[in-house]
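A short write-up of the structure that comes next.
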Amino acid sequence: MRYRPEEVVAVLDSQRAGETEEGFPVVGSVDDALAFDPTVALVGVATAGGRFPPAWRDLLKSCIANGLDVENGLHEFLANDAELVELAANHGVELRDLRRPPQGLNVPTGENLRLPVKTVLTVGSDCAIGKMTVSLELDAEARRRGLRSRFVPTGQTGMAIAGWGIAVDAVVSDFIAGASEQLVVEGHARGGELLWVEGQGSLLHPAYSGVTLGLIHGSAPHAYVLCHKAGEPYVDGDPRYPIPSLRELADLHERISLLSRPAKVVAIALNTRDLDDDAARAAIDATAAETGMATSDPVRFGAAPLVDAVLAGLKS
């Protein structure tokens, strides 16, 4: 809705029918949605374990029976479900599993190290704090300046927005770095000279640090933008996993960078969604003072200071 609004016609939410969301009508059923002439049903949830709840099966069957292609970002693949595949064939629709890795992935070759591009990776103190959103905002600001900038999607939502990419969290661990390298190569082939690679997971997260490390070494960034939710002391809200100072966290990413391409954290993207404007500005000022780095909430206050810092860092 925020980054591809021209292709959205309605939101299906059975508990909010009749309302609006970001200016789009909310409908209660697939039948109600048909009045808006949809062509694709995009699965808009991220469930625990990436599986469909039982109630979703009837919803998916209704979408297919009404001639809608289905884009699915969960780990449970629709194309592996014989009943849904048969139904889709009967109605001439396509089932697109965004998390299904492409064929032919392998380990990195070093090709991305030879490309005439500058690559920036968003990393974070936790999962689900806005790494994709920050990457999109930075790309939009760079494009406004006339730069040959490209957003590089590494997850299912970013893929739905950009129309290409690989969901690296669904790739066999040996090939995560190779898939990340492939994405950088494709980003350059798509005309990018400045690439904003969407981050995944967090080096601090006990469950999802592996995908982060593979993405770091495979994308081989020239610089990082560190994302953090203002005021959050723990990873995933769990006191067993305290978040260190942002300066320490920046040092961790710099030390773990690919040996052949050392990279620095050059800016902090602070997620201030739980704060009012005054508290948000105070948190940004405090973070900038603590880290000595340019800091902003790019959604709330704009991405310009962060892009300025990135461009300066890439020149140094």
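The values are calculated or read from the model by the stated rules, or taken from the named source; none is laboratory data. The model shown is predicted, which means the values in this text are computed figures rather than measured ones. Every residue, glycine among them, receives a Cβ derived from its backbone with ideal geometry; neighbour counts consider all protein chains shown. For accessibility, only protein heavy atoms count, side chains too; no ligands or nucleic acids. Shrake-Rupley method; radii C 1.70, N 1.55, O 1.52, S 1.80 Å.
Checking the condition open to solvent by 10 Å² or more (accessible area, probe 1.4 Å) and either within 18 Å of L98 (Cβ to Cβ) or among the polar types (S, T, N, Q) (or both), which residue from G187, G165, G155, G130 passes?
Numbers: G187 fails: open to solvent by 10 Å² or more (accessible area, probe 1.4 Å); G155 fails: open to solvent by 10 Å² or more (accessible area, probe 1.4 Å); G130 fails: either within 18 Å of L98 (Cβ to Cβ) or among the polar types (S, T, N, Q) (or both).
So the residue among G187, G165, G155, G130 that is open to solvent by 10 Å² or more (accessible area, probe 1.4 Å) and either within 18 Å of L98 (Cβ to Cβ) or among the polar types (S, T, N, Q) (or both) is G165.
Restricting the search to the range 129-152, which residues are in contact with a strand residue (DSSP E or B) (Cβ under 9 Å, 6 or more places away or on another chain) and assigned to a loop (DSSP other than H, G, I, E, B)?
If we filter the range 129-152 for residues that are in contact with a strand residue (DSSP E or B) (Cβ under 9 Å, 6 or more places away or on another chain), which is where we start, we get 129-143, 147-152.
If the condition is that a residue be in contact with a strand residue (DSSP E or B) (Cβ under 9 Å, 6 or more places away or on another chain) and assigned to a loop (DSSP other than H, G, I, E, B), then I129, G130, L147, R148 are the ones that fit.
Can you tell me which residue within the range 30-52, out of those that are of a type outside the set (A, V, I, L, M, F, W, C) and either surrounded by fewer than 16 Cβ atoms within 10 Å (Cβ to Cβ) or at positive phi (or both), is modelled with the lowest pLDDT? Spell out the reasoning first.
Initially, the range 30-52 is screened for residues of a type outside the set (A, V, I, L, M, F, W, C), giving 31-32, 37-39, 44, 47, 49-51.
If we keep only those that are either surrounded by fewer than 16 Cβ atoms within 10 Å (Cβ to Cβ) or at positive phi (or both) as well, we get 31, 37, 39, 44, 47, 49-51.
On the way: D31: 96, D37: 97, T39: 98, G44: 88, T47: 80, G49: 74, G50: 79, R51: 84.
Among those that are of a type outside the set (A, V, I, L, M, F, W, C) and either surrounded by fewer than 16 Cβ atoms within 10 Å (Cβ to Cβ) or at positive phi (or both), it is G49.
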Pair list, Cβ under 6 Å, 6 or more apart: the range 302-316 residue touching a residue at least 60 places away in the same chain (Cβ under 8 Å), other residue hydroxyl-bearing (S, T, Y) and crowded, with 18+ Cβ neighbours inside 10 Å: L306/S296
Strands (runs of 3 or more DSSP E) within the range 216-316 that include 2 or more residues among the small types (G, A, S) and open to solvent by less than 70 Å² (accessible area, probe 1.4 Å): 264-271, 294-296
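In the range 109-122, which residues are open to solvent by less than 60 Å² (accessible area, probe 1.4 Å) and out of contact with any Cys (no Cβ under 7 Å at 6 or more places or on another chain)? Reasoning before the result, please.
Going through the range 109-122, the residues open to solvent by less than 60 Å² (accessible area, probe 1.4 Å) turn out to be 110, 112, 115, 117, 119-122.
Within the range 109-122, G110, N112, L115, V117, T119, V120, L121 meet the criteria.
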May I ask you to verify whether E181 is surrounded by 19 or more Cβ atoms within 10 Å (Cβ to Cβ), of a type in the set (D, E) and in a helix (DSSP H, G or I)? yes
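If you go through the range 252-277 one residue at a time, how many are hydrophobic (A, V, I, L, M, F, W, C) and in contact with a His (Cβ under 8 Å, 6 or more places away or on another chain)?
Looking only at that region, the number is 6.
Search the range 46-101 for residues being aliphatic (A, V, I, L, M) and assigned to a loop (DSSP other than H, G, I, E, B), and hand back the single one that is nearest to D31 (Cα to Cα). Steps first, please.
At the first step, the residues of the range 46-101 found to be aliphatic (A, V, I, L, M) are 46, 48, 55, 59-60, 64-65, 68, 70, 74, 78-79, 82, 84-85, 87-89, 93, 95, 98.
Still in the list and also assigned to a loop (DSSP other than H, G, I, E, B): 46, 68, 74, 93, 98.
Details: A46: 23, L68: 11, L74: 24, V93: 17, L98: 25 Å.
In this case the residue turns out to be L68.
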Find all pairs meeting these conditions: Cβ atoms under 8 angstrom apart; at least six residues apart or on different chains; first residue within the range 248-264 and within 15 Å of L121 (Cβ to Cβ); second residue open to solvent by less than 40 Å² (accessible area, probe 1.4 Å) and of a type in the set (D, E, K, R). P262/E254; A263/E254; K264/E254
